[in-house]
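All remarks here apply to the structure that follows.
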Amino acid sequence: GMKWGAVYVGGGTPSTLPAKMLDRLFSLLSEHFDIAEDAEKSFEFDPLVMNSGRVEVLKAHGFAHLSFGIQSLDPQVNQAHNRGPQNRETITKRFNELYSAGLHDVACDFLLGLAGTTPQGILSEIEWVLEQHQPRWVDVFQISPTPEYVKLHFGGELDRFWDHLAPFQDYVPEAIKIMAERQGYTVNAGGGQRITLHRNALPKGWPSLPKRAHGYN
């Protein structure tokens, strides 16, 4: 007897399903759950496996908010972190597929402090995405090290990791505010390990976007 006002499918892993299996999954969800017609539907995907066929299925089933992790645009850094050879061309394809399907409520995220990156480098990558693709949202997270990560990338020396992370903590928060203003974004740095950038205005010719459940427009 419960009616559902939101559907979230994510983590990235479900996007590895072929389009036909995604279609079946969403059809079964609609069959077995009482989902409101105006429910907010969100889908998080892996940019390396997404394609236009999956995008069309998402659109057909009313998924309007799409999100994906970029973390870095450097293919060598991505390969070193088990993300495959993801690069700028990969990300451009994903944005083009979504926008061509009329899906403009798009969010992506980056990760500060990955081994092999610098504050200036990651800021340059973020600004490239803002300027070239104008996503509605960008979340910038600070990496939280696990013992396995420190062992793999910093020889097990935690002090080496913190020395690597310190310039990101010192430089990025203020620099990203300047960048955001330059590119037409508002920054919400409410403490903790997350910085959110929200686009102030729709690009010319874009349709109006739905309000998000968390209260942001």
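Carbon-plus-sulfur fraction of the accessible area of the stretch 23-168, 1.4 Å probe, in percent?
Working: 3230 of 6720 Å².
Within the stretch 23-168, the accessible surface is 48 percent carbon and sulfur.
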Rounded to the nearest whole Å², what accessible area per residue is found for the chain with the 1.4 Å probe? 53
At 7 Å along Cα-to-Cβ for each site, give me the label-to-label distance between N87 and S27 in nm. 3.9
With springs only between Cα atoms under 10 Å apart, run a GNM on the chain and tell me which of F33, F43, F168 wobbles the most. F33
Relative contact order of the chain: what whole-number percent is it, with Cα pairs under 8 angstrom and at least 6 residues apart? 15
Between T16 and L202, the two model label points (7 Å from Cα along the beta-carbon direction) sit apart by a distance in nm of 3.7
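The values are calculated or read from the model by the stated rules, or taken from the named source; none is laboratory data. A quick note: this is a predicted structure, and the numbers were derived from the prediction, not measured. Glycine also receives a Cβ, built like all others from the backbone with ideal geometry; neighbour counts cover every protein chain displayed. Surface accessibility is based on the protein's heavy atoms, side chains included, excluding ligands, DNA and RNA. Shrake-Rupley method; radii C 1.70, N 1.55, O 1.52, S 1.80 Å.
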